[in-house]
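Beneath this line is the structure, given in structure tokens, with notes to follow.
Just so it is clear, none of the values below were taken in a lab; they were calculated from the coordinates. Since we're looking at a predicted model, the values are computed, not measured. Every residue, glycine among them, receives a Cβ derived from its backbone with ideal geometry; neighbour counts consider all protein chains shown.
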Amino acid sequence: MITRRYGWLVLGMIASLQSTVVWAQELPPDQQKIQELEKKIEELDRRLSAAEAKEAGAPVPAPPPPAAAPIIAPAPPEPAPVAQTGSQRPTNAGVAAATIPASEQNSVGLVSVGPSGFTVQSADGNFLLKTGADLQIDLRSFFGQGSQSLTDQILLRRVRPTISGTIYKYIDYFFRPDFGQGTVVLYDAYMQLNYIPHFAIRAGKFKPGVGLERLQSDDDTDFIERGLPTLLVPSRAIGFQLSGDLINNRVGYQLGVFNPVPDNSLSDTSPSNSRDYTARLFTTPFQPEENFLSGLGFGFATQGGSTDGVALPAYKTVAQNTFINFNSGVVSAGHRTTLAPQAFYYVGPFGLLAEDTVTEEGFQKSTLRREVAFHSWEVQASYVLTGEKKSFGSPIPKHPFSLADHQWGAWEIAARTGDFRADLGLFNYGFASLSSSASFAREWVAGVNWYLNRILRISADYGHTNFLDGAVDANRASERVILARFQINFI
């Protein structure tokens with residue numbers, strides 16, 4: 001490099017010339033020689049500065065006009081900036097902007113790794129790519145009289161890599177398949193246009209805005225499995241949705257049109273020419289102020305459409321065992337209407353969530369077509385023992401687990417109760433039999449969650465479900481189960 005090779009030589013020449021000038025001043029004055037020496041010094045100084053600027057990529061300064069200024073020894077040159085080394089991620093810190101050509105400055109991005117996954121972002125923020133993973137390993141262990149026909153399990157409940165991000169600033173995308181339980185299912189695949197404030201347009205496969213607990217992430221629910229009202233709302237559907245916040249984050253809405261899917265399920269097909277229509281209005285009237293009511297939210301959702309050609313629904317307990325079995329020859333046919341009032345309340349470490357869902361949907365056997373009603377509700381409460389703030393998402397530990405620092409993460413306890421009731425028309429019309437299907441189920445669930453850090457969570461639940469009917473001339477035996485989950489949420 002020019003500065004390294006010749007810097008000290010040039011400095012030595014300058015110092016020598018300055019000494020010559022000082023010595024010359026002690027001799028009889030010869031102004032012409034002194035001015036010539038001053039010009040040579042200024043020329044050497046300019047060349048040195050030009051060489052340093054060229055090496056750093058900065059513009060070369062123009063030569064200054066001649067002036068009879070006092071002669072001052074130049075300061076030593078500043079060292080050229082160097083890239084950061086060590087374990088830190090690559091950044092643009094420490095590199096002068098002038099070292100990056102103007103045509104390439106917008107292409108220099110930012111790479112980061114953290115609890116939310118791997119992120120690559122353009123310098124202008126218009127493009128973003130995030131990758132992560134969601135892994136859940138579950139244990140199900142049954143006991144009691146109702147466990148004789150049930151099998152204990154250890155299973156991969158969810159194995160979901162995720163890809164999400166933004167393109168051209170206003171277009172978000174999200175893609176997530178699932179490889180859990182020995183199958184491959186595409187759960188989410190959608191894009192969202194955010195060009196117009198308060199009117200976001202989403203298209204693809206995603207959660208329709210109906211059930212409150214269903215809209216919670218699988219990683220953020222207070223219990224390992226969702227409550228009974230979730231059995232009456234769709235899991236994912238392909239369609240379009242318009243959504244947004246209307247009044248300073250106090251009123252939100254969702255309007256959608258989707259392919260019809262079975263209750264608590266998903267599908268990649270269009271079973272008929274009919275569509276499902278959904279609408280949801282949810283308000284948090286005391287937001288965004290911070291007070292004891294700021295965590296209160298309530299709303300109402302509805303869904304309507306045809307069930308012609310849709311697969312039969314599966315209604316399952318907290319341990320994922322079916323308690324309503326449809327008779328042979330029964331198909332979904334006719335209309336479906338769902339009403340779902342819902343609410344939550346969060347204050348400090350305490351959380352409360354409640355919802356009530358009523359669905360009336362059509363079935364057909366031979367030439368008989370009728371609509372049958374189902375009704376379910378739940379109330380769940382939780383409390384974070386270590387004092388973290390509770391919200392619709394998971395609490396973030398103030399002191400992540402560390403044996404060395406004697407820190408134990410965040411601990412939470414939770415309890416839930418609810419029931420599920422099928423109209424007797426389901427059995428009177430011959431769509432199901434009381435000897436193999438329960439007309440009523442009530443559950444009690446208690447759980448404890450240990451959040452070791454932002455990513456790792458360990459949970460344990462005890463579930464107890466009682467039934468009416470469901471066995472020959474008797475009630476189905478109560479189901480008792482212990483559930484455990486080890487979860488990594490790296491998204």
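The range 132-490 has equivalent-ellipsoid semi-axes of 32, 27, 19 Å, by the square roots of 5 times the alpha carbon gyration tensor eigenvalues, sorted largest first. If you count Lys pairs in the range 132-490 whose Cα atoms are under 27 Å apart, skipping same-chain pairs closer than 8 places in sequence, the total is 9. For the range 171-244, the Kirkwood estimate of hydrodynamic radius, built from reciprocal distances between every pair of different alpha carbons, is 13.7 Å. The trypsin sites (Lys or Arg not before Pro) found in the range 321-425 that occupy coil by DSSP, while having at most 13 further C-beta atoms within 10 Å, are 398. Put in line by how crowded their Cβ is, counting other Cβ atoms within 10 Å and starting with the fewest, 335, 406, 375 read 406, 335, 375. Between the range 381-418 and the range 187-236, what is the C-alpha centre distance in whole Å? Cα centroid of the range 381-418 versus Cα centroid of the range 187-236: 24 Å apart. The rule of thumb for compact globular proteins, 2.2 N^0.38 Å, goes into the C-alpha radius of gyration of the range 262-310 1.79 times. Annotation: peptides 123-129, 182-188, ranked by per-residue average of other Cβ atoms within 10 Å with the highest first, follow the order 123-129, 182-188. Loop-located chymotrypsin sites (Phe, Trp or Tyr not before Pro) in the range 225-306 (DSSP state other than H, G, I, E, B) with a sparse environment of at most 12 neighbouring Cβ atoms within 10 Å: 292.
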